[in-house]
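**Q** Here it is, the structure, as structure tokens.
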Amino acid sequence: MRIGIPKGLLYFDYFPLWEGFFRNLGCEVIVSEPTNANIAKMGVKTTCDEVCYPVKVLHGHVLSLVNKVDRIFVPRVFSVQPGTCSCPKLIGLADMVRHAVPESPPLIAPFVNLRLGPRGMYRALKEAATGITSNPIRIYHAYKAASRDFVAFQRNMHAGRLATAMDIACSAAPELNRSIAVIGHSYNLYDSHLNLNLINRLLALGYRVFTPEMLPDRTIAEANRSLRKPLFWSLGRRVLGAAIHYSERKDIAGLIQVTSFGCGLESLVADMSQRVAKQKGKPFMLLTMDEHTGEAGMQTRLEAFLDMLAFKE
């Protein structure tokens, strides 16, 4: 069976686990190409105006897989942390795709609820195996093998290594002697088309880049304890925790937050991140991206921000 996985949204967080699970079940896994202008254009034309740019792009990835696979993996991600909830669009993503892409092959759309802890992902992938195998031992061994790859991936990220599988050309970077934090949701940071090659630009200029995924969960949780009340949204809690943590680090020259236009949750988180950075005296720049964002304008703003950082040294 050929399983298609769109290279968008939470793919960038869980790709070793999801790909490994289906491969260990004996499936052929086909991941869509990195986002390009054609994929983005197809997604924008297919979806309604009200959804954010990353959700539109995800639909383009689904369309690019339609005639290549037997099923497409589009999970319903309810929560990725205990006591939190995901964006409503992530929860209802499979229904949106079914409505917008009626020609799509059957979707594999398990319910992912990590309020239950690690067993929540196991339950979701066990559900995803329906129609592939009913052998519980085979499913368990596939999950355990994929989990080992996923843990190794997380350890590399926590060690400060940007994953090349995330569409980041790390090997092209010169000697890195300055550090900058780039915060935001993973699908905005690691998709070079969505962020107009932001991280590669910084690497090429000699900046070492830190992201929220490089921080262990306990560090994010500790940073969020400074709030009167923790955020309810899973991904927002990670982004704001990273903003708080990096604002307090002396080795970080400044913060850049990448957000998506039209995301109500990010409008709040971005404001809170900016307030935190201001309180700590840390330079901060907000980049809001959508399908209309021009590369020249982004490059001008980035150069001005980096010039300010250099002036402060």
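The values are calculated or read from the model by the stated rules, or taken from the named source; none is laboratory data. Just so it is clear, the model here is predicted, and its values are computed rather than measured. Positions of Cβ are generated from backbone atoms using ideal geometry, with glycine treated the same way; all protein chains shown enter the neighbour counts. Just the protein is used for accessible areas: all its heavy atoms, side chains included, with ligands, DNA and RNA removed. Shrake-Rupley method; radii C 1.70, N 1.55, O 1.52, S 1.80 Å.
**Q** Out of the residues in region 91-104 that are in contact with a helix residue (DSSP H, G or I) (Cβ under 8 Å, 6 or more places away or on another chain) and part of a loop (DSSP other than H, G, I, E, B), which is surrounded by the most Cβ atoms within 10 Å (Cβ to Cβ)?
**A** Filtering first and then ranking leaves Val101.
**Q** Taking the residues in region 274-294 that are part of a helix (DSSP H, G or I) and of a type outside the set (S, T, N, Q) as candidates, determine which candidate is least open to solvent (accessible area, probe 1.4 Å).
**A** Checking each candidate, the answer is Ala277.
**Q** Conditions first: (1) more than 29 Å from Val77 (Cα to Cα); (2) open to solvent by less than 40 Å² (accessible area, probe 1.4 Å); (3) assigned to a loop (DSSP other than H, G, I, E, B). Arg249 passes all but one, so which condition is the exception?
**A** Condition (2) is where Arg249 drops out.
**Q** A follow-up question, please. Which numbered condition trips up Ala310, out of (1) surrounded by fewer than 19 Cβ atoms within 10 Å (Cβ to Cβ); (2) within 24 Å of His193 (Cα to Cα)?
**A** Of (1) surrounded by fewer than 19 Cβ atoms within 10 Å (Cβ to Cβ); (2) within 24 Å of His193 (Cα to Cα), only one is false for Ala310: (2).
**Q** Is there any pair linking a residue in region 57-84 that is closer than 28 Å to Arg237 by Cβ and touching a residue at least 40 places away in the same chain (Cβ under 8 Å) to one that is of a type in the set (Ser, Thr, Tyr) and surrounded by fewer than 19 Cβ atoms within 10 Å (Cβ to Cβ), with Cβ under 6 Å and at least six apart or on different chains, and which?
**A** Final answer for the pair search is His59/Thr46.
**Q** Considering region 21-39 alone, what residues qualify as being surrounded by fewer than 22 Cβ atoms within 10 Å (Cβ to Cβ) and either outside any loop (DSSP other than H, G, I, E, B) or of a type outside the set (Asp, Glu) (or both)?
**A** Arg23, Asn24, Gly26, Cys27, Glu28, Val29, Ile30, Val31, Pro34, Asn36, Ala37, Asn38
**Q** Given (1) among the acidic types (Asp, Glu); (2) in a helix (DSSP H, G or I); (3) in contact (Cβ under 8 Å) with a residue 60 or more places away in the chain, where does Asp271 come up short, assuming only one miss?
**A** Result: Asp271 fails condition (3) only.
**Q** Quick check on this structure: which one of Lys68, Lys7 is surrounded by fewer than 18 Cβ atoms within 10 Å (Cβ to Cβ) and touching a strand residue (DSSP E or B) at 6+ places or on another chain (Cβ under 9 Å)?
**A** Result: Lys68 is the single residue among Lys68, Lys7 that is surrounded by fewer than 18 Cβ atoms within 10 Å (Cβ to Cβ) and touching a strand residue (DSSP E or B) at 6+ places or on another chain (Cβ under 9 Å).
**Q** Please enumerate the residues belonging to region 213-222 that are open to solvent by less than 40 Å² (accessible area, probe 1.4 Å) and either closer than 24 Å to Pro88 by Cβ or free of Cβ contacts under 8 Å to residues at least 24 places away in the same chain (or both).
**A** Glu213, Ile220
**Q** Something else about it: Picking from Gly8, Gly26, Gly20, which residue would you name as being of a type in the set (Gly, Ala, Ser) and out of contact with any Asp or Glu (no Cβ under 8 Å at 6 or more places or on another chain)?
**A** It is Gly26.
**Q** Same structure, new question: Which number in (1) crowded, with 18+ Cβ neighbours inside 10 Å; (2) at positive phi marks the one condition that Val258 misses?
**A** Single failed check for Val258: (2).
**Q** Would it be correct to say that Phe210 is surrounded by fewer than 19 Cβ atoms within 10 Å (Cβ to Cβ) and either hydrophobic (A, V, I, L, M, F, W, C) or under 21 Å from Met272 (Cα atoms) (or both)?
**A** Answer is no for this residue.
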